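Remarks on the structure that follows.
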Amino acid sequence: MNVSLFITCLCDTFTPDVGKDTVQLLERCGCEVDFPAGQTCCGQPAYNSGYTTQSKQAVKQMITAFEASEYVVGPSGSCVQMVKEYPHILRDEPEWRKRAEHLAGRTYELTQFIVAVLGIDDVHSTFQGTATYHPSCHMTRLLGVKDAPRRLLENVQGLTLINLPQGEDCCGFGGTFAVKNAAISAQMVEEKSCHVTETKAEYLIGGDMGCLMNIGGRLSRNEEDVKVLHIAQVLNSQ
Amino acid sequence: MSIKIGTKTYADRIQEGIDNTFMRHAVSSAQGRFRTGRLKAAEELGDWEDWRTLGEEIRTHTMENLDYYLYQLSEQVEKRGGTVFFAETAEEANTYVQKVAEEKQARKVVKSKSMVTEEIGLNEALEKSGCEVVESDLGEWILQLDEDPPSHIVTPALHKNKSQIRETFVKKKGYTKTDDPEELAAFAREQLRQDFLEADIGVTGCNFAVAESGTVTLVTNEGNARMVSTLPDTQIAVMGMERIVPTWEELEVLVSLLTRAAVGQKLTSYITSLTGTRLENEVDGPEDFHLVIVDNGRSKILGTEFQSALHCIRCAACINVCPVYRHVGGHSYNSIYPGPIGAVLTPLLDGYEDHKELPYASSLCAACTEACPVKIPLHEHLIRHREIIVEKEQKTTKAERLAMTGFAQWASTPAAYKLSTKMAGTVLKPWTKDGSIKNGPGPMKAWTAARDFPAPAKKSFRTWFDEREKRREKDDRL
Ligand code: SF4
């Protein structure tokens, strides 16, 4: 199966290892992975801040970049959800809207793709340790991906999962929210970090780099030694 | 009161909220209780999602035929001896009620809980025309004594604890007992009893007006609305023009959703239905019944992309799950409608000028949208508001606009984007120590005030992928 990787700008710039693990994981699951070089950022920072006109430039760039792809898979629930918004964003431009619908229909979040499209719920990985999982908001509530990550994680050899109290609460990232409403965001991430440390888990696992950078940044500020991992890193561990 | 409750700046309000440890503790534990209750009640009902869909359908249908149902409602109320007044503005509504009070030579008015009367500032208007107004909902009564605005639409005094309440009672009413909630409530009941007996007019809100029978329905837990609506001879019910259901059948669905979503109850203690005046062959009911239907900006919302905001049944489920509300409390919104629905509704009813920050007071986590029993896409409405604030109202800063224009260029030019992934590490190097940034420049400052920022990777993913592809091609050639 041919899969185009949608890396997301955060993984591309800050955590290329997550990208590498995503590629290898997909290859291990039998996919042929390509990387359309025309891709940039999904446009969410502008769109969610009300700059719809500006976001459209990014959106069109992304649609063009992935035009030839059979499947598009990204290691982020939030960025994939943004792609799902493209037809709505371009609702007044019929030609573009059609192209947006085409892309949105073929785009999947990584764990969603592995479970729902490839039909795999055990990727035969091994990872020793205790971990808690943060189900990020856009992935669960908007994209509706709730079970796939858990199912894959439950099948990882050696991994003990500990329930995260009030896991469904937002970590306070919210893109530009973290900067525009920094004071509130700080309270939210502090609360989330406390819930993480309460579990006494060695690792925090998540499916969205934005949330992980936020919670991880707070944990490290608080000098907590919880290590933060993207789910692709755990699933590709052997 | 009116929609807006004060004059402090947004930043000050937020900081005050954050610094109010007691309030945050109270809000957080109440949210926990409400959340568990709602989830349990939804589970017990079964098919919660189907119920929500039904609720959404009922509200959509009603709003799309609002003129028809309002007409039917007013016909029915008048048929049952009531008088209906359509108020386009808050002022018109208040003037009408003042006029009724004057005609009745009323000195005392008792009220049951009603958000719309807060919205239009009815108490102040009545006081101006010489009436004493007494709130009879316990929470509202406490706030009235304390001259404090509500911080929640269902439990208005959520931000107060029992010792604060006791203090208020001592100061304002000469209370002498302890802060035991039972004793406090008993005292309030005793005090209010006299007011009920003396009142000339009873003012109620309206949870749902049933169009087919001209019935005003109130959903309460304290039973005070029954006193308000039975003792005084003159009754005035004030409702927002959207608070209507076609028939009793829809009422049942919406009440089922409301009580479960609000407090996790299958049913509240009291559901009171008021239909017109006492007719000749009847033994109870008021002599005079007035229904004041308030527009106050609502009809402007009809037919716009925000129409579904009018579907709200004021259950506060969105407020009870909101993490922003949890940390800043209701007063920070500077509106009698706080939380996610407040952030959506307030700018619609009261304009952007004073409330332009509200739509941004959300991380767009969509917990509100998920909790809403009538499926209002609250977080999407917040994005629409932001769009208007940016594009129509042009209320964002120049720096932000420039940044967003820069973003658009960057994200639509792969070469520029690629260069930035390469350069990011170098640019941020002066601030980077041990792989992270603890005190970043520019907009990063706000981020690094509370958390570390990771240093960009030495080699971006795309560079790695390029190199891998080249290596592979070379291997293939060999
Ligand atoms: S918006 Fe929905 S959840 Fe919020 S108060 Fe209204 S009905 Fe309840």
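Bear in mind that the values in this text are calculations on the coordinates, not laboratory data. Note that this is a predicted model, so its numbers are computed, not measured. Reconstructed Cβ throughout: ideal geometry from the backbone, glycine too, with neighbour counts over all protein chains shown.
What the table below lists for this structure:
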{"item": "Euclidean distance between Cα centres, segment A:1-45 to segment B:29-83, Å", "result": "45"}
{"item": "Chain B: angle of helix B:90-103 to the longest principal axis, Cα-based, in degrees nearest 10", "result": "10"}
{"item": "Positive-end residue, the protein assembly as shown charge dipole about Cα centroid, Cβ charges, pick of B:F465, B:A343, B:P373", "result": "B:F465"}
{"item": "Cysteines, chain B, no other Cys beta-carbon under 4.7 Å", "result": "B:C131, B:C206, B:C312, B:C315, B:C322, B:C372"}
{"item": "³J(HN,Hα) computed for each position of segment A:207-214 - Karplus, 6.51 cos²θ - 1.76 cosθ + 1.60, integer Hz, glycine/proline x", "result": "x, 9, 4, x, 4, 5, 5, 5"}
{"item": "Antiparallel content of DSSP bridges confined to chain B, in %, to 5", "result": "35"}
{"item": "Sorted peptide list for A:224-235, A:22-33, B:108-119, criterion being average Cβ within 10 angstrom, highest first", "result": "B:108-119, A:224-235, A:22-33"}
{"item": "For chain A, calculated [θ]222 nm from helices alone, where every DSSP H run of n ≥ 4 adds -39500 (n - 2.57)", "result": "-13500 deg cm²/dmol"}
{"item": "Interchain or long-range residues, amide H under 5 Å from B:V134's placed H", "result": "B:V109, B:V110, B:K111"}
{"item": "Charge dipole (segment B:120-162, unit charges on Cβ, about Cα centre) - positive-most of B:L145, B:P156, B:G130", "result": "B:P156"}
{"item": "Inter-chain Cβ neighbour average for residues B:323-332, partner chain, 10 Å", "result": "4"}
{"item": "Rounded to the nearest 20 debye, dipole of segment A:121-235 from Cβ charges on Lys, Arg, Asp, Glu", "result": "260"}
{"item": "Mean-position separation - Cα centroids, segment A:67-142 and segment B:218-262, in angstrom", "result": "44"}
{"item": "Number of partner chain Cβ atoms within 10 Å, mean per residue of B:362-375", "result": "5"}
{"item": "Relative contact order of chain B, pairs being alpha-carbon contacts under 8 Å that are 6 or more residues apart, as %", "result": "20"}
{"item": "Helix B:378-391 axis, angle to chain B major axis (alpha carbon atoms, nearest 10°)", "result": "70"}
{"item": "Size of charge dipole - chain B - debye, nearest 20, with Cβ of Lys, Arg +1 and Asp, Glu -1, no other charges", "result": "3340"}
{"item": "Point-charge dipole on Cβ atoms (K/R +1, D/E -1) for the protein assembly as shown, about Cα centre, debye to 20", "result": "2820"}
{"item": "Charge-dipole axis of segment B:1-126 as Lys and Arg at +1 and Asp and Glu at -1 on Cβ define it, positive-most pick from B:W51, B:I14, B:V109", "result": "B:V109"}
{"item": "Relative contact order, percent, segment B:65-294 [alpha-carbon distance under 8 Å, six or more residues apart]", "result": "28"}
{"item": "Nonlocal amide H pairs with A:V228, under 5 Å, H built at 1.01 Å", "result": "A:L204"}
{"item": "Other protein chain Cβ atoms within 10 Å, averaged over every residue that makes up B:398-410", "result": "4"}
{"item": "Projected area averaged over orientations for chain B, convex hull of C-alpha atoms, nm²", "result": "29.5"}
{"item": "Derived scalar couplings ³J(HN,Hα) [segment A:9-14; Karplus, 6.51 cos²θ - 1.76 cosθ + 1.60; whole Hz; x for Gly, Pro]", "result": "5, 5, 5, 4, 8, 9"}
{"item": "Using θ = phi - 60° and Karplus 6.51 cos²θ - 1.76 cosθ + 1.60, couplings along segment B:53-59 (whole Hz; Gly, Pro as x)", "result": "4, 4, x, 4, 5, 4, 5"}
{"item": "Amide H contacts of B:F208 (H built 1.01 Å from N, under 5 Å, at least 5 apart or other chain)", "result": "B:T217"}
{"item": "Percentage relative contact order, segment B:319-375, counting C-alpha pairs under 8 Å, at least six apart", "result": "33"}
{"item": "Antiparallel bridges, percent of DSSP beta bridges restricted to the protein assembly as shown (to nearest 5)", "result": "25"}
{"item": "Share antiparallel - DSSP beta bridges, segment A:2-116, percent rounded to 5", "result": "0"}
{"item": "Mean Cβ neighbour count within 10 Å, used as a protection proxy, ranking B:411-419, B:444-452 highest first", "result": "B:444-452, B:411-419"}
{"item": "Helix axis angle, B:21-45 relative to chain B longest principal axis, alpha carbon, degrees", "result": "80"}
